[in-house]
Amino acid sequence: MAEIAMIVRLPVAEGKAGDVLAVAEKLVAATEDEPGTTQYVVHTDDADPSSIWFYELYADKDALDAHVSTTAMAEAMAAFAGLLDGAPEMHFLSIAARRGG
């Protein structure tokens with residue numbers, strides 16, 4: 001199966017960036033126990049402080065499905081509910097070229 005890459009933009013409610021990052025950090029830590037989650041990176045946006053971005057790379061669809069069904073993901077989504085200014089934007093990507101892991 002092919003790797004799955006995605007970026008996710010969280011539209012942060014005004015004044016809630018610190019709270020969103022705290023939830024995101026817990027979610028990143030939880031992925032340490034997910035063998036098929038190859039990369040799980042949270043980014044702040046220097047040009048847009050109301051956006052927080054995730055870059056995610058999974059070994060395959062089974063790994064992505066396992067990730068989205070974790071307790072940590074359910075808890076994070078519940079915690080994000082009062083902190084976001086809209087729904088997360090998810091974009092699936094195809095890797096065209098790369099360097100490194």
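All of the numbers you see were taken from the coordinates with simple rules; none came from a lab. Keep in mind the model is a prediction, meaning the values are calculated, not measured. Glycine gets a Cβ as well: all are built from the backbone with ideal geometry, and neighbour counts include every protein chain shown.
Things worth noting here:
- Modelled FRET efficiency - R0 35 Å, residue 77 with residue 99, Cβ distances, 0.05 increments: 0.60
- Only Cα pairs under 8 Å and 6+ residues apart enter the sum, and on that basis the relative contact order of region 40-88 stands at 22 percent.
- Theoretical ellipticity at 222 nm over the chain - DSSP helices of four or more residues, -39500 (n - 2.57) apiece, nearest 500: -9500 deg cm²/dmol
- Since only 93, 21, 63 are under comparison, the one whose Cα sits farthest along the positive direction of the charge dipole of the chain, derived from C-beta charges on Lys, Arg, Asp and Glu, is 93.
- Size of charge dipole - the chain - debye, nearest 20, with Cβ of Lys, Arg +1 and Asp, Glu -1, no other charges: 200
- If you wrap the tightest convex hull around every Cα atom of the chain and split its volume per residue, you get 105 Å³.
- Protection-proxy order for peptides 78-87, 49-58, 63-72, each taking the mean of Cβ atoms within 10 Å per residue, highest first: 49-58, 63-72, 78-87
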